[in-house]
Structures are given as C-alpha cells and as structure tokens.
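Student: Let me begin by handing over the structure; questions about it come next.
No value in this document is a laboratory result; all are computed from the given coordinates. Bear in mind that the values here come from a model prediction, so they are computed numbers and not experimental data. Here the Cβ is made from the backbone with ideal geometry for all residues, glycine too, and neighbour counts use every protein chain on show.
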Amino acid sequence: MQSETHDTSELATYAADPLLSQAVKGIKDIAEYGVVYRGKSTWTAHVTSLRLDAKPPTAALDVCLDVTQSNPVRISTGESVKAPGQLAKYRLAAEVRLIDGQWLVIKNDPLRKTAC
C-alpha cells in the first residue's frame, strides 16, 4: 500500500483528546489505504448549549459539514473512492471545551444520514 506523510500537528490548534487522537489515527489510516482527500470541506456551526459554569466550560454545537468540493481519491490512480449514496451536506454533533483560553473540539459525532 502506498502511504503519504501528513503533518497533523496543526490539529492540536483546533482539537483536544479524545478527538485529537482519533483524528490523527484516521488520517494515518486513510493514508495507509492509499487515499487522500482532494478539495476542501466547509462547515457552519451553531451553539446549541453553553455551560460557562462547568469546569472547564463547554459548549455543544450543531454543525453542517459540506463535503461537496472534497473528494477521497486513490493516490495511485486518482480514482474517486467516495462512498455511494453519501450525503454531500450532513450534520455533526460536536462538543467544545475551553482549555488554556482556547475553545477546542473534543467530540465530533457525524450524523451522515441527516442532511442539512
């Protein structure tokens, strides 16, 4: 299997464990399968609850992920390996936590069958 090296250090700017470890593993896994994503995903998020009195403060988010312009492709051939029937815009339920003055994503549950 062909693999590419990916710099995942920037993810720590946006995510914390357990999501950070899961994301790094996911990136390495798809690279091991010889797949990369071409294009760019976009998203919009809305706060659904805010718990500033929690230690540390947390918030729940309703996210709409748009993968219309992002396509998983096999590195060796450039062939698309997008799952058939997958929605191009779907919801995510996310949780963020305030850590050292930075809001970081700690949980991200894709709701792939729920369009937005």
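Student: Of the residues that make up segment 47-56, is at least one of a type outside the set (S, T, N, Q) and either at positive phi or touching a residue at least 24 places away in the same chain (Cβ under 8 Å) (or both)?
Tutor: Within segment 47-56 (the criterion being of a type outside the set (S, T, N, Q) and either at positive phi or touching a residue at least 24 places away in the same chain (Cβ under 8 Å) (or both)), the answer is yes, since at least one residue qualifies.
Student: Now, a different point. Step by step: first the residues of segment 53-80, then only those that are out of contact with any strand residue (DSSP E or B) (no Cβ under 6 Å at 6 or more places or on another chain) and of a type outside the set (Lys, Arg), then the one that is surrounded by the most Cβ atoms within 10 Å (Cβ to Cβ). Which residue is that?
Tutor: The residue in question is Val67.
Student: Here's another thing I want to ask about it. Residues of segment 89-103 being closer than 22 Å to Ile27 by Cβ and out of contact with any strand residue (DSSP E or B) (no Cβ under 7 Å at 6 or more places or on another chain), which ones?
Tutor: If the condition is that a residue be closer than 22 Å to Ile27 by Cβ and out of contact with any strand residue (DSSP E or B) (no Cβ under 7 Å at 6 or more places or on another chain), then Ile99, Gln102 are the ones that fit.
Student: Of the residues Gln86, Gln102, only one is of a type outside the set (Gly, Ala, Ser) and under 25 Å from Asp17 (Cα atoms); which?
Tutor: Gln102
Residues are listed down the side, and each one gets a yes or a no for (1) within 20 Å of Arg74 (Cα to Cα); (2) part of a loop (DSSP other than H, G, I, E, B):
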residue	(1), (2)
Gly26	yes, no
Ala45	no, no
Lys55	no, yes
Ala60	no, no
Val63	no, no
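Student: Further question on the same structure: Looking at segment 34-52 only, could you name the residues that are exposed (fewer than 12 other Cβ atoms within 10 Å of the Cβ), in contact with a strand residue (DSSP E or B) (Cβ under 6 Å, 6 or more places away or on another chain) and among the aliphatic types (A, V, I, L, M)?
Tutor: Of everything in segment 34-52, just one residue is exposed (fewer than 12 other Cβ atoms within 10 Å of the Cβ), in contact with a strand residue (DSSP E or B) (Cβ under 6 Å, 6 or more places away or on another chain) and among the aliphatic types (A, V, I, L, M), namely Val47.
Student: Given the conditions (1) under 24 Å from Ala83 (Cβ atoms); (2) within 14 Å of the chain's Cα centre (by Cα); (3) not aromatic (Phe, Trp, Tyr), report the number of the one that Pro18 does not fulfil.
Tutor: The one condition Pro18 does not meet is (1).
Student: Continuing with the same structure: Across segment 75-91, which residue is nearest to Val35 (Cα to Cα) among those that are of a type in the set (Lys, Arg) and touching a Ser or Thr at 6+ places or on another chain (Cβ under 8 Å)?
Tutor: Here the residue is Lys89.
Student: What are the residues in segment 104-116 that are surrounded by 15 or more Cβ atoms within 10 Å (Cβ to Cβ) and touching a residue at least 40 places away in the same chain (Cβ under 8 Å), if any?
Tutor: Correct list: Leu104, Val105, Ile106, Lys107, Asn108, Cys116.
Student: Ile30: part of a strand (DSSP E or B), among the β-branched types (Val, Ile, Thr) and surrounded by 11 or more Cβ atoms within 10 Å (Cβ to Cβ), yes or no? Before the answer, list the steps.
Tutor: Numbers: part of a strand (DSSP E or B): no; among the β-branched types (Val, Ile, Thr): yes; surrounded by 11 or more Cβ atoms within 10 Å (Cβ to Cβ): yes.
Against the criterion (part of a strand (DSSP E or B), among the β-branched types (Val, Ile, Thr) and surrounded by 11 or more Cβ atoms within 10 Å (Cβ to Cβ)), Ile30 does not qualify.
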